[in-house]
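Please read the structure below before turning to the comments.
The values are calculated or read from the model by the stated rules, or taken from the named source; none is laboratory data. Given the structure is predicted, the values throughout are model-derived calculations rather than measurements. All Cβ positions, even for glycine, are placed from backbone atoms using ideal geometry, and neighbour counts span all protein chains on display.
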Amino acid sequence: MTGLSRRKFLANSIMAGFLGLTQSLTTQAATGTVPWRNWSGNIIAHPRKRFSPASESELADYLLKSSGAVRPVGSGHSFSPLVPTDGDLIIIDRLKGLFEYDHASQTATLGAGTRLGDIGPMLDMVGQAMVNLPDIDRQTLAGATATATHGTGIRFPCLSGFVEEMRLLTMQGEAIDVNADTHSDLFEAARVSLGALGIITSMKLKNRNPYRLKAVNGCEPIEEVLEHFDESAQRHRHYEMFPLTHSDYALTLAIDETDEPINNPPPSAEEAAIFSNAMSGWSKVPPGLRKPLVDGLAVMIEESHAVDISYRILSNVRNNRFNEMEYSVPIDAGASCLREIVKTIIDQEIDVVFPLEYRYVRRDDTWLSMSSGDEDHAAISIHRSAGEDYRPYFDLIEPIFWKYGGRPHWGKIHSLGFNELKALYPRFRDFVEIRESLDPEGRLLNDHLRKLFLAGD
């Protein structure tokens, strides 16, 4: 099976998960209003009103004159219930585009509602490129930074680490330009805010010159990958692995800058069909008997290469939907945590076909970043296809993350609340104080955020 990429594997893993399964939804009580759903469909809400401002001034006027609960929403790509409200949804989709740029500083100011997938072409036209991107490009810029969304690479922090300035509208309609020199504490809080401090309307990003990347996909035994993972992470611009469940093998991805000509052909429909049929077959085999089949498929995967403009390599459209839990653990604990998860899946015969994901993220100083502090972190993700009940699987694995000092990705499913979070983030109480000062009435809070930021809830 020549040239099978990890993206093809992931896509077909999702499709395999749909077989014979029904979807489980978290809902608010129906009120007769038009429901809102997140990207994966695991969250449903019934807001009383939707408001989509065309400008910052229109939004400021609305906030000044309105009352009651509000929540901002971008693409709805978070799997955790950050958005649901029975109040008003502020849809930031129209606050988008490239507002200004500067060649000398390699910075650009973009609307908060700009989708990550649209930023690459915009910046390319003015001779810039984002330094790093996450694997999925559906999120809005504000949503991705507010949840500490990150890409891959030991030299790269989460996206919030590239934000140099942002414009924040308070609940009183006041616009504040926030950066490291003015309102420095607010800046560190607002870069990862979960939409709990106000509504971001624009951001200035630190960028770089356009560049090409070469992606090399492979498949190797898990233990061999782990043995050399630190070395590989230092050698390559990006390096990550996708351990296959009920298997001794992992997909690998190494990405580096290159001057090679673009060569990124679309996947072969014939190959995808063959692989999909193979996965559909072994996904029906009981988990305890699946290993020989998965390993047999894994050894057929040959190394493949792709060269393209940076944003076309780093991010992609993921049409098949899923739910996800992700925690970051201190980098020295990463391999042990991953091994325990892999062993638990095997020992408990968990019926999951979606691979795990393991990568490094650089430390930063943003208060609520998963990687804030003095050490780099390993980010570990588990997934379920959107048609599956993820709760038994996630409930079993989540305590393993806790055992190794894990912090949850804010946009992914987790069960932690105020008491647990205050022990994980040294500046957590500082964030809570700023939140209370900016939104004393709690208009920006929903049930999920009250659990996170209010003691005793």
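What are the residues in region 91-121 that are touching a Ser or Thr at 6+ places or on another chain (Cβ under 8 Å) and over 19 Å from Gly74 (Cα atoms), if any?
Glu100, Tyr101
How many of the residues making up region 401-431 are assigned to a helix (DSSP H, G or I) and in contact with a Lys or Arg (Cβ under 9 Å, 6 or more places away or on another chain)? Outline the logic, then answer.
Keep residues of region 401-431 that are assigned to a helix (DSSP H, G or I), which gives 401-403, 418-424, 428-431.
With the extra rule that they be in contact with a Lys or Arg (Cβ under 9 Å, 6 or more places away or on another chain), the set shrinks to 401, 418, 421-422, 424, 428-429.
Of the residues in region 401-431, 7 are assigned to a helix (DSSP H, G or I) and in contact with a Lys or Arg (Cβ under 9 Å, 6 or more places away or on another chain).
Whether any residue in region 337-352 is in contact (Cβ under 8 Å) with a residue 24 or more places away in the chain and closer than 17 Å to Ser40 by Cβ is what I want to check. Checking region 337-352: at least one residue is in contact (Cβ under 8 Å) with a residue 24 or more places away in the chain and closer than 17 Å to Ser40 by Cβ. Here Pro210 clears all of (1) touching a helix residue (DSSP H, G or I) at 6+ places or on another chain (Cβ under 6 Å); (2) surrounded by 20 or more Cβ atoms within 10 Å (Cβ to Cβ) except the condition numbered (2).
Applying the criterion of at least 3 residues that are within 28 Å of Arg362 (Cβ to Cβ) and within 23 Å of the chain's Cα centre (by Cα) to the strands (runs of 3 or more DSSP E) found wholly in region 57-146 leaves 107-111.
Residues are listed down the side, and each one gets a yes or a no for (1) closer than 26 Å to Asp308 by Cα; (2) of a type in the set (Gly, Ala, Ser); (3) touching a strand residue (DSSP E or B) at 6+ places or on another chain (Cβ under 8 Å); (4) modelled with pLDDT of 95 or more:
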residue	(1), (2), (3), (4)
Leu95	no, no, yes, yes
Asp102	yes, no, yes, yes
Leu110	yes, no, yes, yes
Pro121	yes, no, no, yes
Asn132	yes, no, yes, yes
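Considering the conditions (1) not in a helix (DSSP H, G or I); (2) not assigned by TED's automatic domain parsing to the domain that holds Leu289, Pro261 is excluded by exactly one of them, (2). Could you say whether any residue in region 316-335 is touching a Leu at 6+ places or on another chain (Cβ under 7 Å) and either closer than 29 Å to Arg208 by Cα or assigned to a loop (DSSP other than H, G, I, E, B) (or both)? No, region 316-335 has no match at all. Looking for something touching a residue at least 12 places away in the same chain (Cβ under 8 Å), closer than 17 Å to Thr366 by Cα and among the charged types (D, E, K, R) - is there at least one such residue anywhere in region 388-396? No, that holds for no residue. Scanning region 109-130 for residues that are surrounded by 23 or more Cβ atoms within 10 Å (Cβ to Cβ) and free of Cβ contacts under 8 Å to residues at least 60 places away in the same chain returns Gly113, Thr114. Of all residues in region 341-366, those being aromatic (Phe, Trp, Tyr) and either at pLDDT 95 or above or out of contact with any Ser or Thr (no Cβ under 7 Å at 6 or more places or on another chain) (or both) number 2.
Inside region 432-455, can you point out the residues that are closer than 18 Å to Gly173 by Cβ, part of a helix (DSSP H, G or I) and within 26 Å of the chain's Cα centre (by Cα)?
Arg435 - this is the single residue of region 432-455 that is closer than 18 Å to Gly173 by Cβ, part of a helix (DSSP H, G or I) and within 26 Å of the chain's Cα centre (by Cα).
Comparison of Glu270, Glu220, Glu165 shows that the only residue that is over 22 Å from the mean Cα position of the chain (by Cα), modelled with pLDDT of 95 or more and surrounded by fewer than 20 Cβ atoms within 10 Å (Cβ to Cβ) is Glu220.
Out of Pro72, Pro53, one residue alone is touching a Phe, Trp or Tyr at 6+ places or on another chain (Cβ under 9 Å), of a type outside the set (Ser, Thr, Tyr) and at pLDDT 95 or above. It is Pro53. You will find that of Ala148, Ala175, the residue that is outside the structural domain of Val329 (by TED's automatic domain parsing), at positive phi and of a type outside the set (Asp, Glu) is Ala148 and no other.
Restricting attention to region 378-400, the residues being assigned to a loop (DSSP other than H, G, I, E, B) and either basic (Lys, Arg) or out of contact with any strand residue (DSSP E or B) (no Cβ under 6 Å at 6 or more places or on another chain) (or both) number 3. Once region 290-304 is narrowed to residues that are over 12 Å from Tyr249 (Cα atoms) and in a loop (DSSP other than H, G, I, E, B), the residue that is nearest to the chain's Cα centre (by Cα) is Glu303.
Condition check ((1) modelled with pLDDT of 95 or more; (2) touching a helix residue (DSSP H, G or I) at 6+ places or on another chain (Cβ under 6 Å); (3) on the phi < 0 side of the Ramachandran plot; (4) not assigned by TED's automatic domain parsing to the domain that holds Arg362) across all residues:
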site: Lys65; (1), (2), (3), (4): no, no, yes, yes
site: Pro81; (1), (2), (3), (4): yes, yes, yes, yes
site: Pro84; (1), (2), (3), (4): yes, no, yes, yes
site: Ile91; (1), (2), (3), (4): yes, no, yes, yes
site: Arg115; (1), (2), (3), (4): yes, no, yes, yes
site: Asp118; (1), (2), (3), (4): yes, no, yes, yes
site: Gln128; (1), (2), (3), (4): yes, no, yes, yes
site: Arg138; (1), (2), (3), (4): no, no, yes, yes
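Can you tell me which residue within region 367-377, out of those that are at pLDDT 95 or above and part of a loop (DSSP other than H, G, I, E, B), is nearest to the chain's Cα centre (by Cα)?
Among those residues, the one meeting the criterion is Ser369.
With respect to Leu424, determine if the residue is surrounded by fewer than 19 Cβ atoms within 10 Å (Cβ to Cβ), in contact (Cβ under 8 Å) with a residue 12 or more places away in the chain, in the same structural domain as Ala142 (by TED's automatic domain parsing) and closer than 28 Å to Gly151 by Cβ. Spelling it out, Leu424 is indeed surrounded by fewer than 19 Cβ atoms within 10 Å (Cβ to Cβ), in contact (Cβ under 8 Å) with a residue 12 or more places away in the chain, in the same structural domain as Ala142 (by TED's automatic domain parsing) and closer than 28 Å to Gly151 by Cβ.
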